[in-house]
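What follows is one structure encoded as structure tokens, with my remarks underneath.
Coordinate-derived values only; no laboratory data. Treat the numbers as computed from the prediction; the structure is a model and nothing was measured. Virtual Cβ from ideal backbone geometry, glycine too; neighbours counted across all protein chains shown.
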Amino acid sequence: MANLNVLITGANRGIGLQLAKQYCAEGAKVFAACRKPSDELITSDAVVISGIDVTDSKAADTLKNELGGTKIDILINNAGILTRENLESAPAADIQQQFIVNALAPLQLTLGLRSQLNTNAKVIMITSRMGSMSDNGSGGYYGYRMSKAALNAAGVSLACDLKADGIAVGLLHPGYVQTDMVNNTGDITAAEAAERLRQRIANLNLENTGTFWHSNGEVLPW
């Protein structure tokens, strides 16, 4: 893991923070991007890049300036939001914002950082099985489900388009994780999710690029 350069968005807490800490512990140089860093992130070994709003059209340029000539080996698009729509309440503004943060921003950031990606780099989209059509047996969560399905579509297209550059794209569902997003009601800790995600990232290559994985190693249906 030494000599790898890893860029993680939404790294101030939860899964992003744990990924940053674990990659640092393995000797990688981690660039932790976030809007406002947490105390735990500040005291980590990561290089903190604060003031990054992934929805800002200038976010990629800001990151490139901070990175300088450093090439990225692993780009992890982790930043995301969740609101809870149902038949009684599904505000269009909430759904639209989830599209912007969860689907459009990761695509635009990846495209904006393309020149910064190293040969044989890996691009990771932290998605959700809630974006699966086949796996939806409970309904609701319209904006989150729709935005993650859109993210999956973008990831598959990126996998096709970046393959010639030797860049693999992974669509990874972390599991039901104990984070602030779900009021810490998940089945696994953020640390365990990060450990499993890192294994999936290590196994990502040009043969399985563009596939949809649960962090536990299960291939998920579209």
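Can you work out ³J(HN,Hα) from phi for every residue in the range 198-204, in order, using Karplus 6.51 cos²θ - 1.76 cosθ + 1.60 and θ = phi - 60°, giving whole Hz and x for Gly and Pro?
So the J values, rounded to whole Hz, are 5, 5, 5, 5, 4, 8, 6.
Most fluctuating residue of THR55, THR43, THR127 in a GNM of the chain with Cα springs under 10 Å: which is it?
Top of the fluctuation ranking is THR43.
Positive end of the charge dipole of the chain (Lys, Arg +1 and Asp, Glu -1 on Cβ, about the Cα centre): tell me which of ALA60, ALA103, ALA153 has its Cα farthest that way.
The listed residue farthest towards the positive side: ALA60.
Take every Cα pair under 8 Å in the range 1-47 that's 6+ residues apart, average their separations, divide by the length, and report that relative contact order as a whole percent.
44
In this model, which of LYS64/LYS122; LYS58/LYS122; LYS29/LYS122; LYS71/LYS122; LYS122/LYS163 are farther than 20 Å apart at the alpha-carbon?
On the way: LYS64/LYS122 17 Å; LYS58/LYS122 22 Å; LYS29/LYS122 15 Å; LYS71/LYS122 12 Å; LYS122/LYS163 10 Å.
Those over the limit are LYS58/LYS122.
Calculate for the chain the 222 nm mean residue ellipticity that helices alone would give, adding -39,500 (n - 2.57) per DSSP H run of length 4 or more and normalising by residue count, nearest 500 deg cm²/dmol. Numbers along the way, then the final one.
Values: 7 runs with 76 residues, N = 222.
Only helices count here, giving -10500 deg cm²/dmol.
What are the ³J(HN,Hα) couplings of the range 135-144, residue after residue, when phi is run through the Karplus curve with 6.51, -1.76, 1.60 and θ = phi - 60°? Round to Hz, x for glycine and proline.
8, 7, x, 10, x, x, 6, 4, x, 5
Once you keep just the Cα pairs under 8 angstrom separated by 6 or more residues, what percentage relative contact order results for the chain?
On the way: 463 pairs, mean separation 41.5, N = 222.
Once normalised by length, the contact order is 19 percent.
For ILE72, list long-range residues whose amide hydrogen, built 1.01 Å from N in the peptide plane, is under 5 Å from its own amide hydrogen.
Those qualifying (amide H under 5 Å, at least 5 residues apart or on another chain) are LEU117, ASN118.
Rg and Dmax of the range 5-214, using alpha carbons, in Å: what are they?
16.1, 51
Starting from the amide H of PHE212, placed 1.01 Å from N in the peptide plane, find each other amide H under 5 Å away whose residue is 5 or more places distant or on another chain.
LEU220
Taking H as built 1.01 Å from N, whose amide H comes closer than 5 Å to the amide H of VAL48, not counting residues under 5 places away?
ALA32
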